[in-house]
1. Using per-residue counts of other Cβ atoms within 10 Å, averaged over each peptide, order 78-87, 279-288, 44-53 from highest down.
2. Which whole-Hz ³J(HN,Hα) couplings does the range 269-280 yield from phi under the Karplus relation 6.51 cos²θ - 1.76 cosθ + 1.60, θ = phi - 60°, glycine and proline marked x?
3. Would you mind getting me the FRET efficiency between Ser32 and Lys4? Use the beta-carbon distance for r and R0 = 22 Å, nearest 0.05.
4. Compute the helix-to-body angle for 207-225: its Cα long axis versus the longest principal axis of the chain, expressed 0 to 90° and rounded to tens.
5. Picking from Glu249, Glu276, Glu63, which is most flexible by a Gaussian network model of the chain using Cα springs under 10 Å?
6. Round to the nearest 0.05 the FRET efficiency obtained for Glu63 and Cys259 when R0 = 51 Å and r is the Cβ-Cβ distance.
7. Do the sum for the chain: with -39,500 (n - 2.57) for every DSSP H run of n ≥ 4, divided by all residues, what is the mean residue ellipticity at 222 nm, to the nearest 500 deg cm²/dmol?
8. Charges only on Cβ, +1 for Lys and Arg, -1 for Asp and Glu: so what's the dipole of the chain about the Cα centre, in debye to the nearest 20?
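The values are calculated or read from the model by the stated rules, or taken from the named source; none is laboratory data. Treat the numbers as computed from the prediction; the structure is a model and nothing was measured. Positions of Cβ are backbone-derived with ideal geometry, glycine not excepted, and every protein chain shown enters the neighbour counts. These accessible areas exclude ligands, DNA and RNA; they are computed on the full protein's heavy atoms, side chains included. Shrake-Rupley method; radii C 1.70, N 1.55, O 1.52, S 1.80 Å.
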Amino acid sequence: MSDKRAKIAIQKSGRLTEHSLEILTRCGLQYSRGRDELVCFGENMPIDILLVRDDDIPQLVSEGTADIGIVGLNVAEEMRLALPEPERDASFENLGGVSYGHCRLCIARPADEPFDGPQSLAGKRIATTYPNLLRRYLDANDITNVEVVKFSGAVEIAPRLGKADFICDLVSSGSTLRANQLEEVLNVMHSEAVMIRHSGNQSNHHNDWIDRLVQRMEGVLQVRESKYIMLHAPRAALPAITALLPGSEGPTVTPLEGCEEKVAVHAVCRENVFWENLEALKAAGASSMLVLPVEKMLA
Ligand code: PRT
Ligand code: ZN
């Protein structure tokens, strides 16, 4: 593998893998999978995809082995907090969420564990795979004397094993908690997959390719939410109708042949357009409404 090629690290096999490969494909990256299944070689851009455990992604990006990575904010922040304070900000830059992998890090209790607000945790044992995120939360809320019990997986069985009084774990649907007779009591943080970028100041000849890829990703994410809307509007209702277009800056207004009192309105809405939006537009006088998906967008 040549050093001249930029590298992006994503999860090899797990919840984020399919979406991460899909977003790269939508950025126009064509790739073939290497024989060892650890690297995908970019065929039309000098960018390769490293397929790794999600826990390794922050480290690979902070040391510069990968230029960018896609990983859960929970994993990225846990690793960052494990560093000595002066090194934290220099480790990597968080370029923001990529709209998948949503979950929350929660504290949950067994039914027989009394709970009456955050101070009920004082003096208790909490099992988690995210000791640094939990510690930060406890410190920020002045909850003292907590024993954080580090688990490397299956945290939800800790109370039954007698190893902890509470657990702190990721939750999406909540069915794992319910199956283990646990009840969510506090929300420690929201998480989603984020794009992180190496923040070392090395003169990096593949930075241009990474800049392009990041810009395309932003375009892909914007397009997901965006819609193109076309409608007819009475001239008199134009200000009211424009105000109802979700996330649109200045629509294009054109005359309608043979119809003095109405105009055609076209606009890119940077937020999804729901039935409720269309109903409100109709009530304001709009008619012949069409909502189309947006294929590509470059600001
Ligand atoms: O092998 P590797 O180390 O790469 O994968 P992994 O097993 O560590 O990670 P993986 O694939 O399970 O999750 C990757 C990322 O997805 C996490 O770091 C989170 O950012 C995000 N994510 C989103 C989740 C969940 N939702 C989630 N529900 N990660 C884990 N869970 C767990 C949850 O803790 C519970 O045990 O999935 C189970 C089902 O959750 P419920 O609430 O729907 O029952
Ligand atoms: Zn992992």
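1. Numbers: 78-87: 13.7, 279-288: 15.2, 44-53: 18.2.
Highest mean packing first, the order is 44-53, 279-288, 78-87.
2. Whole-Hz 3J(HN,Hα) from phi for the range 269-280: 9, 7, 9, 4, 9, 9, 4, 4, 5, 5, 5, 5.
3. Values: r = 18 Å, r/R0 = 0.83.
My answer for the efficiency is 0.75.
4. In the chain, helix 207-225 runs at an angle near 70 degrees to the longest axis.
5. Glu276
6. On the way: r = 64 Å, r/R0 = 1.26.
Result of the calculation: an efficiency of 0.20.
7. Numbers: 9 runs with 84 residues, N = 299.
Helices in the chain give a 222 nm mean residue ellipticity of -8000 deg cm²/dmol.
8. Values: 31 positive and 42 negative charges, 87 e Å.
The calculated dipole for the chain is roughly 420 debye.
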